[in-house]
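Below is one structure, written out as structure tokens, with a few remarks after it.
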Amino acid sequence: MSDLEPRAERDDFIAFSLAAADLLVSVTDNGKIRHAMGATKSLLKQSPADLTAQPMLSLFDGPEASFIDYLVQTARRHGRIEPTVVMMGRAGEDKVPANIGMAYLPTRACLYVSLTVLPQLVVQNLPRRDADSGLLDAEAFGRIAAKASQANDMMAGADSLRELRLIRLQGLPTALERLPTQRARRVMSEVGAFLRAQACGGGLAGQLDEERFGLLARGDGSETVKTISDQVTAILSKCGIDTSIVRPSAETVALDLKDVSATDAAKAMAFAIGEFGKADGLGMAAMSNCLEAMLQSTVGKVSQVRSAIQDRRFTLAYQPIVDMLSRDLHHYEALLRLDDGSSPFEVVTFAERVGLTCELDSAVVDMALKNMRRHPDDQIAVNISGSSIQNEAFRARLLRQLSAAQPLAANLMFELTESALVEDMENVAHYIQTLRARGHKVSLDDFGAGANAYNYLRSFDADFVKIDGPFLKAAVRDDRQRALVKSVVLLCHDLGIEMIGEMIETEQMAQAAASLGIEYGQGYLFGKPQAALLAPTQNLRRTGEVEAWQ
């Protein structure tokens, strides 16, 4: 028996609870708040007494209220829930991210709820959820799901292996289009709340595309995929959706990634789920088999690409870029070549999608600097992915690489590629200025190939802009395209930027590029990529070189 008096013991338990939470609420079986304590005024702008008899769900808004309702049902069935992040706040109020816990005591017919406000540092790293459904997007879901499954395996052992539940609501987009906007949002709110409540790991559920969803579940058989399908059908019917139009189906994929590092598992999962969302015409069983195969294949490919980077199983080929009028050599572009003959474009694209570009770009810089030691007078441009330059660790590492290789590195130039979208414009613009201040020329690559070219031009100071080859080719034969290229050239010249034309293969293209005011050219007319830096051949000369009789 406790040495404490009942009142003192009760006070101790309350103190323990408030030490771990900002708000404690007890809720009766009719969903009304019986008692509240803690920071009620600062969080909810009401006293504990004012909250008494209010519906507990009124503390939440939109999809969050529906999600909490499902959590309450889970707590009443199983006694408790896993701690889960929710957004606390009524309609029209600022929402506060909080960790929620629930325990239900049937002997007292009461639900006990704790809410702990999350620190700002934690909030900054929370994944964004869709405003209507509360679900993660495919990329975030895949990344977090892989990390969660790895972490739980390591901490809790084989008994807590996770399963990926795949849910397809075939016909959902068509059904939603027939509804008023508010009703359609309500449907997604209900579906999203249910899927989040079925997921472990704090509501770990995501939307893969318009009609495909995924959730990470504990493999304990508590909710079968058939049960999930049946319950989703009931939810759609309750929302007024004709279930003859929307056909739910579900399947389970075992996540057997025990022999894969958490980092590689996360990258493989995000990539595989993203690709899986594009699949069409597959039944659910076939879809899950497809995802399992894709996941295993991706894991292998991530390992293969990382190994190729670490072991330097690639080379650089160097293609000359020349002055269009004199045909003097200006600099070389370093182009990636894989030892196994893999497509450089496919490898670079894959690396961007699974988060390996920082490693790849750093390795390319290392190799370029190594080759420059034998050719200290050559200027070389290396490609930097938009994904890499947004990474703070990569930016710091690149500056260290350049500092360690001075004065040789002064001849290194950088081409910012558009294959991965730059979103952190301010920090990238500042970093580009840092590179230019250190004497490195910067080029914006493939202008005309993507939709972000003008945005980059507006945000980033650059020394060169490279006109995309197909864009330039079109200008040779089409007056409209020619006028567009001409306008780009004039704009860049007004900004003090010089132009480089790509894929110049004929003298006709060279003449056309020069007539448009493009100062430099790159293409087979001037030289193919070569395996090593060599003295210029044919009619190429280094800028400033003087011909003389010997």
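The values are calculated or read from the model by the stated rules, or taken from the named source; none is laboratory data. Predicted, not measured: the structure shown is a model, and the values here were computed from it. Because the Cβ atoms are built from the backbone with ideal geometry, glycine has one as well, and the counts that use them run over all protein chains shown. The protein model used for the area step is the full one, side chains on, heavy atoms only, and it has no ligands, DNA or RNA in it. Shrake-Rupley method; radii C 1.70, N 1.55, O 1.52, S 1.80 Å.
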Query raised in the report: How about region 342-361: which of its residues are outside any helix (DSSP H, G or I) and surrounded by fewer than 21 Cβ atoms within 10 Å (Cβ to Cβ)?
Result: 342, 343, 355
Query raised in the report: If residue 433 satisfies every condition in (1) modelled with pLDDT of 90 or more; (2) surrounded by fewer than 20 Cβ atoms within 10 Å (Cβ to Cβ); (3) not in a helix (DSSP H, G or I) but one, which is the exception?
Result: (3)
Query raised in the report: Looking only at region 391-404, which residues are farther than 20 Å from residue 463 by Cα and open to solvent by 40 Å² or more (accessible area, probe 1.4 Å)?
Result: 391, 392, 393, 396, 397, 400, 403, 404
Query raised in the report: Scanning for something in contact (Cβ under 8 Å) with a residue 24 or more places away in the chain, within 30 Å of residue 504 (Cβ to Cβ), part of a helix (DSSP H, G or I) and of a type in the set (Ser, Thr, Tyr), does region 375-394 turn up at least one residue?
Result: yes
Query raised in the report: Is one or more of the residues making up region 516-523 open to solvent by 20 Å² or more (accessible area, probe 1.4 Å), modelled with pLDDT of 90 or more, under 21 Å from residue 442 (Cα atoms) and among the aliphatic types (A, V, I, L, M)?
Result: no
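Conditions tested, residue by residue: (1) open to solvent by 50 Å² or more (accessible area, probe 1.4 Å); (2) farther than 21 Å from residue 85 by Cα; (3) under 29 Å from the mean Cα position of the chain (by Cα); (4) at pLDDT 75 or above.
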residue	(1), (2), (3), (4)
207	no, no, yes, yes
211	no, yes, yes, yes
221	yes, yes, no, no
239	no, yes, no, yes
258	yes, yes, yes, no
Query raised in the report: What number of residues within region 24-71 satisfy the criterion of being among the hydroxyl-bearing types (Ser, Thr, Tyr), open to solvent by 30 Å² or more (accessible area, probe 1.4 Å) and within 15 Å of residue 91 (Cβ to Cβ)?
Result: 1
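Every residue, every condition in (1) among the aliphatic types (A, V, I, L, M); (2) closer than 22 Å to residue 460 by Cβ; (3) modelled with pLDDT under 90, yes or no:
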{"residue": "311", "(1), (2), (3)": "no, no, yes"}
{"residue": "325", "(1), (2), (3)": "yes, no, no"}
{"residue": "406", "(1), (2), (3)": "no, no, yes"}
{"residue": "410", "(1), (2), (3)": "yes, yes, yes"}
Query raised in the report: Which of the residues spanning region 415-430 are open to solvent by less than 10 Å² (accessible area, probe 1.4 Å) and either in contact (Cβ under 8 Å) with a residue 60 or more places away in the chain or aromatic (Phe, Trp, Tyr) (or both)?
Result: 415
Query raised in the report: For the subset of region 506-515 comprising residues that are more than 12 Å from residue 469 (Cβ to Cβ) and in contact (Cβ under 8 Å) with a residue 24 or more places away in the chain, which member is most open to solvent (accessible area, probe 1.4 Å)?
Result: 508
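Would you mind listing the helices (runs of 4 or more DSSP H) fully within region 41-155 where at least 2 residues are among the acidic types (Asp, Glu)?
So the answer is 63-78.
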Query raised in the report: Can you find even one residue in region 91-100 that is hydrophobic (A, V, I, L, M, F, W, C) and either buried (at least 19 other Cβ atoms within 10 Å of the Cβ) or at pLDDT 90 or above (or both)?
Result: yes
Query - Residue among 149, 189 that is open to solvent by less than 10 Å² (accessible area, probe 1.4 Å), hydroxyl-bearing (Ser, Thr, Tyr) and at pLDDT 85 or above - result: 189
**Report entry** Among (1) modelled with pLDDT under 90; (2) farther than 30 Å from residue 404 by Cβ; (3) open to solvent by 10 Å² or more (accessible area, probe 1.4 Å), the one test that residue 475 misses
**Finding:** (3)
